[in-house]
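What follows is calculated from the coordinates using simple rules that are stated; it is not laboratory data. None of the values given here were measured: they were computed from a predicted structure. Reconstructed Cβ throughout: ideal geometry from the backbone, glycine too, with neighbour counts over all protein chains shown.
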Number of protein chains: 2
Amino acid sequence: MNDRFLAVCRGDAPDATPIWFMRQAGRSLPEYRALRATHDILTLCRTPELAAEVTLQPVRRLGVDAAILFSDIVVPLEAMGVALKIVPGVGPIIESPIADESGIDSLAPLSPEDGVSYVLETIGILRKELDVPLIGFAGAPFTLATYLIEGGPSKNQARTKALMYGAPKVWHRLMHVLADSMLAYLRAQVSAGCQAIQLFDSWAGHLGPIEYGEFVLPAVKRIMDGLKASGVPRIVFGVTTGELLGLIAESGADVVGVDWRTPLDVARTRTGEAVILQGNLDPAVCLAPWETVRARAGDVLERGGGRNHIFNLGHGVLPDTDPATLKRLVDFVHDWRPDA
Amino acid sequence: MNDRFLAVCRGDAPDATPIWFMRQAGRSLPEYRALRATHDILTLCRTPELAAEVTLQPVRRLGVDAAILFSDIVVPLEAMGVALKIVPGVGPIIESPIADESGIDSLAPLSPEDGVSYVLETIGILRKELDVPLIGFAGAPFTLATYLIEGGPSKNQARTKALMYGAPKVWHRLMHVLADSMLAYLRAQVSAGCQAIQLFDSWAGHLGPIEYGEFVLPAVKRIMDGLKASGVPRIVFGVTTGELLGLIAESGADVVGVDWRTPLDVARTRTGEAVILQGNLDPAVCLAPWETVRARAGDVLERGGGRNHIFNLGHGVLPDTDPATLKRLVDFVHDWRPDA
């Protein structure tokens, strides 16, 4: 069992810096594309043997130090009664966006064993196959709310913010409902075998620190608190969250994901020393010649300081990335040592 | 003549905090929509009487302390020989995106008097009509390059970054060509009567500080240096540039625009005290009830400290904004005074 990732999460010194990639399972791998040629994304998510296979593909090919469950953040929403589809090249599209209190009433609290049993079954298969830790995940309440309110991906989250500012009580109720369901979802993933969890708050970086603290952080904290007793490391990640890193650390997260815009040494001044940082090579760097990848990854490692650091990209792997570059990057990170 | 905006730019203490809005001329105003019903955007930009009228509309209605020329950042690109269109709801679409050196060869250096004489004519009309300062503008080389390379708006600027990392010599040549043409464009705008200029580097915030410093800042600095002798205030603005604010200040800009993610007091610790800050109310706040707008605008003013501060939004006015809210906001900012 490769324990590098969990060792860093525990605060121990690992034999090398652990590395995995957000979206490592997916579009950049030919073996994934082959499966996608005959199955849509939600079918892959709902079929345990296939979801397990997609989760395993990058572990086999790249030698990463953790697997992340193949799924989508909207999967539990569907199980809460939200009619939706995933449109390739666009993202999730919600049939009836939430506009007011009645939209929240229509959300059924998630019962993971009934609604997403296939996810739990996938986890069971994976734990038998994997020799690296398995990371489970969920979308964070704010990010899920943006999809539910905007009806799909949005440039500026204007409707979401209008509801947040205009009807704060309704907003907090929505955050509460989503937090409780995602907490149940993540607890079920841990019970089924996940050894760490990551909360993806992809769009939280559209908020400034005052709004994040008032309208989002309480729901994130509720999830972190609710998972504390489980003992698994809890990661929180979002994009353009540079100004929010201190608040995200206050949520109780053990690991804070950092996007590529904020150098890790700067990030550490905001989160404090105790928190483990995850990140943060610009995914677009992996499209560059190897010498550039090596130099930029080396800079990330130096700024990470060789301790309390899990190497990752600053966001998901881009579809055009050559898997050979990712493999080389894994080896480079494993071979790297901090200057004595 | 309302001199409030220029007074702050000179470092003087104005009688009240000046305010204008990015995208104040445009989609949120019914009188603009009426014009758009019969003219497309590029026709409005190319017709001096109409472009002047659109520029004047928000000054009349809102009482802002500066006008910004109505145009589009792609207007000079067209005059450089780039075939393009603006697709409503999408943005600029470039017919033949630049992929290599030959694409740069095909760019004709901008000769403003020949290529965009209608812009200079618009400025002449406006100076006779306006009793507030007129701000000219151009897109910054990086942001223009993203459109030229991606062919339109892009989520992750992957092609742009691939060229930047993969062919740095080609990249720097492109930056140089664009910087020289935008410098000529802005100088012509100042000669025609603009009393300040703003460089819009909307997408520069997709880069971390190392990349910005190496691949973008030299071109911005070239433009700032080239305009210094003109004596007009030079503003640089971009979105998600929190980590870049110190570098942007190093460009020589007199005024640094700040997006809403970074509180102004935090921004000041990065730019230094000498720089004037412009911003930074979240545009989505203007969709909220007035009490929220008032409270959040008050917070922006407090953090701005009542000195070296031009009030603005942290990005452009959203189309659904009620102009009455903007008017009320202008009055609120003018009435506000720092605590004694």
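Some observations on this one:
- The relative contact order of segment A:97-180 comes to 39 percent, based on Cα pairs under 8 Å that sit 6 or more residues apart.
- When +1 charges are put on Lys and Arg Cβ atoms and -1 charges on Asp and Glu Cβ atoms, the dipole computed for segment B:4-335 relative to its Cα centre reaches about 220 debye.
- Among residues other than B:MET22 with Cβ under 14 Å from its Cβ, the summed charge is -3 (Lys and Arg +1, Asp and Glu -1).
- Taking label points 7 Å from Cα along the Cα-to-Cβ direction, A:ASP299 and B:ASP339 give a separation of 4.1 nm.
- Cα gyration tensor shape for the protein assembly as shown, rounded if a/c is under 1.5, else prolate or oblate: prolate
- Rounded to 10°, Cα long-axis angle of helix A:217-228 versus longest principal axis of chain A: 60
- Rounded to the nearest 20 debye, the dipole magnitude of the protein assembly as shown is 100 debye, with +1 charges on Lys and Arg beta carbons, -1 on Asp and Glu beta carbons, and the Cα centre as origin.
- The other copies place their B:GLY81 label points at 6.2 nm from this one, listed shortest first, where each point is 7 Å from Cα along Cα→Cβ.
- Order of B:VAL256, A:VAL333 - criterion: other Cβ atoms within 10 Å of each residue's Cβ, fewest first: A:VAL333, B:VAL256
- The angle between the Cα long axis of helix A:290-304 and the main principal axis of chain A comes to about 70°, on a 0 to 90 degree scale.
- Prolate/oblate/rounded call for segment A:66-114, Cα gyration tensor, a/c under 1.5 rounded: oblate
- Choice from B:PRO97, B:PRO141, B:PRO30 with maximal GNM fluctuation in chain B (Cα, 10 Å cutoff): B:PRO30
- Copies compared at B:PRO109 - label distances in nm, ascending, label defined 7 Å from Cα in the Cβ direction: 7.1
- Modelled label reach - A:ASP100, point 7 Å along Cα→Cβ, segment A:160-182 residues with backbone N closer than 17 Å: A:160, A:162-174
- Three-way shape call for segment A:1-85 based on the alpha-carbon gyration tensor, with the a/c threshold at 1.5: oblate
- Plainly put, chain A has a radius of gyration that is 0.94 times its Kirkwood radius, both from alpha-carbon atoms, as the Rg/Rh ratio.
- Over chain B, relative contact order from alpha-carbon pairs under 8 Å, at least 6 apart, %: 20
- Relative contact order of segment B:105-238, pairs being alpha-carbon contacts under 8 Å that are 6 or more residues apart, as %: 34
- Which of A:GLU78, B:GLU129 has the fewest Cβ neighbours within 10 Å, and the rest in rising order: B:GLU129, A:GLU78
- Share antiparallel - DSSP beta bridges, segment A:4-335, percent rounded to 5: 15
- Which listed pairs, of A:LYS155/B:LYS327; B:LYS128/B:LYS228; A:LYS85/A:LYS327; A:LYS169/B:LYS327, have C-alpha distances above 30 Å, in listed order: A:LYS85/A:LYS327
- With each label modelled as a point 7 angstrom along the Cα→C-beta vector, the A:GLU273-A:THR43 pair spans 5.4 nm.
- Helix axis angle, A:48-62 relative to chain A longest principal axis, alpha carbon, degrees: 30
- Annotation for B:GLU95, label-to-label distances across the other copies: 4.4 nm (shortest first, one decimal, point 7 Å from Cα along Cα→Cβ).
- Exposure proxy shown here: for B:GLU211, B:GLU302, the number of other Cβ atoms within 10 Å sets the order, fewest to most, as B:GLU302, B:GLU211.
- The HN-Hα couplings worked out from phi for segment A:242-258 by the Karplus form 6.51 cos²θ - 1.76 cosθ + 1.60 (θ = phi - 60°) are x, 7, 9, 4, x, 5, 4, 4, 5, 5, x, 4, 7, 10, 10, x, 10 Hz, whole numbers, x standing for Gly and Pro.
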